C-alpha cells in the first residue's frame, strides 16, 4: 500500500506562522561597529592648538577617563584655554568660574619649548590666584 503524495510537496497545506519576534542581532552588530568608530575618532577630536612640546623620559600621559582641561602657551606667548585664545583678564575670570563649578578641577599646561619660562610661570600664577592647585605640565615622551 503506497501512500500518495499530492503535487504540492506534501506539507504545503500547512501555513507558516508569522514571526512576531524582532531579530536584534543586526542591531547589536551595528551598535558595536558605531562604538568602535567613536572610540577611534574621539581622541582625534581633542587635538588643540599645535605647539612643540619639550621632551622628557618620564611617561605621564593625560588621563583617558575624562576630557582634560588644557591651557596652551604658544611660542609667541599667546594663551589658549582649550581651543579659545584668551587674554589675561578673561583667562582669570574663566578659571575662577571653572573653580567655582568644580573645586577639584585639574588643569594641564602645554607650553611650547620656545616660550620664555617666565610666561609659563605667569600663567601658572593666574591658576593659583584663581584657586586651582592641581596643575600638570604636559611634555612629549623623548625617543630613546
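No lab work stands behind these numbers, since they all come straight from the coordinates. Here the structure is a predicted model, which means the values were calculated and not measured. Glycine also receives a Cβ, built like all others from the backbone with ideal geometry; neighbour counts cover every protein chain displayed.
Odds and ends about this structure:
- Label-to-label distance, nm, for residues given as residue 128 and residue 36 (7 Å Cα→Cβ offset): 4.9
- The range 74-144, relative contact order in percent, only Cα pairs under 8 angstrom and at least six apart counted: 39
- Percent antiparallel among DSSP beta bridges (both partners in the range 55-141, rounded to 5): 35
- Ratio Rg/Rh, restricted to the range 55-141 and using Cα atoms, in which Rh is the Kirkwood radius: 0.94
- In plain terms, the residue of 25, 72 with the fewest other Cβ atoms within 10 Å comes first and the most crowded comes last, giving 25, 72.
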